[in-house]
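Asks: Here it is, the structure in full.
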Amino acid sequence: MEKKSIFNKWKTGLGKTRTGLLARLFASKDGINEEFYEELEEALILADAGAAVTERLLDDLQSIIKEKKIADRAGAKKELTSLIAAAVETKKPFPADQGAAVLLIVGVNGVGKTTSIGKLANSYSEQGRKVMLAAADTFRAAAAEQLGEWAKRANVGMVKHGEGADPAAVVFDAIASYKAKGCDLLICDTAGRLHNKTNLMNELGKIRRVIARELPDIPCDTLLVLDAVTGQNAVAQARAFAEVCQLDGVILTKLDGTAKGGVVISICESLHVPVRFVGVGEGIDDLQPFDANLFAEALLSNDAES
Ligand SMILES: Nc1nc2c(ncn2[C@@H]2O[C@H](COP(=O)(O)OP(=O)(O)OP(=O)(O)O)[C@@H](O)[C@H]2O)c(=O)[nH]1
Ligand SMILES: [Mg+2]
């Protein structure tokens, strides 16, 4: 995709967040005054950036503005864009982009796990990767069917068992198929679960052990899917998951459906977990690899710009 059209996807995806105070704040011709900081604080809180992160960003911005003697809002916007980009940037490379890898997709019910896997399978397959899917949500019969539809659309393989089967056994068979077909990316769907359901969390541990045993040389990332619409609750959810299972990254879905896009900053800064993908719409190519600069620029852009 062209760079400009990708930026437009981010802008549209963050449309509901931008149309709040944030856009108006920087469109104003007023200079930098007390009101500016107050409104910026309110805008970041409303965008669900979280209190601690908002305070830190405001402090840093204030010092930079003083130091560089910035007097107009355009200048302030440029500095805030850099501060936000730095806050959400990750230095950790994503193993799935470096070579063979396993992605274990987890999260509570209905956050967008299966849909995201479908989009990921499609995108990696288009990039020439050989993808295998494991339908390890055996809780609902419809779950494997739903994933099967995506596998067909993306033209990738999938392994499933019947309803109620052991998810770790599904993953075991999917690994056999992955090896036999010479694949280089295995993505495992799992049933929606809460962090405090011990048996379900143990199930994830078992799946990870099977992967570690059968594919010892291949990195396995557990990606937590979070629904951006839930705002700060998503941050709490991530914290709770991180306490009971390994958490290597986040897929943040439904950013297009919420004014709480600031939650991205909160996840990155308060959890130190990289956001790897972001859902900016319902289309098959609307799951975008996370890009710190595009996110920061799109978040603070207004509609007059392109
Ligand atoms: N607008 C929008 N909708 C999304 C996005 N991602 C997922 N959805 C929708 O969210 C709903 C739930 O998605 P699923 O993929 O079934 O969620 P799940 O986590 O697999 O659900 P369970 O398997 O029941 O736990 C579907 O209607 C998706 O179309 C997104 O980025 N944007
Ligand atoms: Mg699902």
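Any read-out appearing in this document is the output of simple, stated calculations on the displayed coordinates, not a laboratory observation. As the structure is a prediction and not an experimental result, all values here were calculated from the model. In this analysis, Cβ positions are derived from the backbone assuming ideal geometry, glycine residues included, and neighbour counts consider all displayed protein chains.
Asks: Extending each Cα 7 Å along its Cβ direction at residue 145 and residue 2, get the distance between those two points in nm, one decimal.
Replies: Between residue 145 and residue 2, the label points sit 4.1 nm apart.
Asks: Please report the antiparallel percentage of the DSSP beta bridges confined to the chain, to the nearest 5.
Replies: Bridges in the chain are about 10 percent antiparallel.
Asks: Fewest Cβ neighbours within 10 Å first, please rank 211, 117, 45 accordingly.
Replies: Ordered from fewest to most neighbouring Cβ atoms within 10 Å, 211, 117, 45 come out as 45, 211, 117.
Asks: About the Cα centre, and with charges only on the beta carbon of Lys, Arg (+1) and Asp, Glu (-1), how big is the dipole of the chain? Nearest 20 debye, please.
Replies: 760 debye
Asks: Rank the residues 115, 19 as a footprinting-exposure proxy: fewest other Cβ atoms within 10 Å of their Cβ go first.
Replies: Starting with the residue having the fewest Cβ neighbours, the order is 19, 115.
Asks: While we're looking at this one, here's another question. With each run of n ≥ 4 DSSP H residues scored as -39500 (n - 2.57), what mean residue ellipticity at 222 nm is computed for the chain after dividing by its residue count and rounding to the nearest 500 deg cm²/dmol?
Replies: Taken over the chain, the calculation gives -16500 deg cm²/dmol.
Asks: So who's got an amide H within less than 5 Å of the one on residue 158, skipping anything under 5 residues away but keeping other chains? H placed 1.01 Å off N, in plane.
Replies: 133
Asks: At 7 Å along the Cα-to-beta-carbon direction for both residue 89 and residue 42, put a label point, then send me their distance in nm to one decimal.
Replies: Taking the simple label geometry, residue 89 and residue 42 are separated by 3.2 nm.
Asks: Which residue fluctuates most in the GNM of the chain (Cα springs below 10 Å): 14, 185, 215?
Replies: It is 215.
Asks: FRET efficiency for residue 242 and residue 29, Cβ-Cβ distance as r, R0 = 41 Å, nearest 0.05?
Replies: Numbers: r = 44 Å, r/R0 = 1.07.
E between residue 242 and residue 29, to the nearest 0.05, is 0.40.
Asks: Rounded if a/c is under 1.5, else prolate if a/b is larger than b/c, else oblate: which is region 6-57, with a ≥ b ≥ c the root eigenvalues of its Cα gyration tensor?
Replies: oblate
Asks: Under a 10 Å cutoff between Cα atoms, tell me which one of 142, 242, 76 has the largest fluctuation in the Gaussian network model of the chain.
Replies: The residue that fluctuates most here is 142.
Asks: Angle check, please: helix 198-214 long axis (alpha carbons) against the longest principal axis of the chain (alpha carbons), in degrees 0 to 90, nearest 10.
Replies: Computed tilt is about 70 degrees.
Asks: Take the Cα pairs of region 213-256, get the Kirkwood Rh, then feed it into Stokes-Einstein at 37 °C and 0.692 mPa s and tell me D in µm²/s.
Replies: My calculation gives 282 µm²/s for D.
Asks: If you don't mind, there's one more thing I want to ask. May I have the convex hull volume per residue, in Å³, for the Cα set of region 128-230?
Replies: For region 128-230, the hull spanned by Cα atoms encloses 120 Å³ per residue.
Asks: In degrees between 0 and 90, to the nearest 10, how far off the longest principal axis of the chain does helix 51-68 point, with axes built from Cα atoms?
Replies: Approximately 50 degrees, to the nearest 10.
Asks: Over the Cα atoms of region 65-148, each weighted equally, I'd like the Debye log10 I(q)/I(0) at q = 0.14, 0.18, 0.24 Å⁻¹, rounded to two decimals.
Replies: Here the Debye-derived log intensity ratios amount to -0.69, -0.87, -1.20.
Asks: Run through region 4-46 and list the trypsin sites (Lys or Arg not before Pro) located in a DSSP loop whose Cβ has at most 12 other Cβ atoms within 10 Å. It would help to have the intermediate numbers written out before the result.
Replies: Details: sites: 4, 9, 11, 16, 18, 24, 29; in loops: 29.
When the trypsin sites (Lys or Arg not before Pro) of region 4-46 are filtered for loop state and at most 12 Cβ neighbours within 10 Å, 29 remain.
Asks: Put one equal scatterer on each alpha carbon of the chain, apply the Debye formula with no solvent term, and list log10 I(q)/I(0) at q = 0.09, 0.16 1/Å to two decimals.
Replies: With no solvent term, the Cα-only Debye profile gives -0.47, -1.21.
Asks: I'd like the FRET efficiency for residue 97 and residue 74, computed as 1/(1 + (r/R0)^6) with the beta carbon distance as r and R0 of 35 Å, rounded to 0.05.
Replies: 0.50
Asks: Just to be sure I understand: with springs between alpha-carbon atoms less than 10 Å apart, which residue in 199, 109, 155 has the highest mean-square fluctuation in the Gaussian network model of the chain?
Replies: 199
Asks: Once the Cα atoms of helix 113-126 and of the chain are each reduced to a long axis, what angle between those two axes, in degrees from 0 to 90 to the nearest 10, is obtained?
Replies: 90 degrees
Asks: Give me the log10 of I(q) over I(0) for region 177-306 at q = 0.09, 0.14 Å⁻¹, as the Debye formula computes it from C-alpha points; what are the numbers?
Replies: At q = 0.09, 0.14 Å⁻¹ the computed log10 ratios are -0.32, -0.72.
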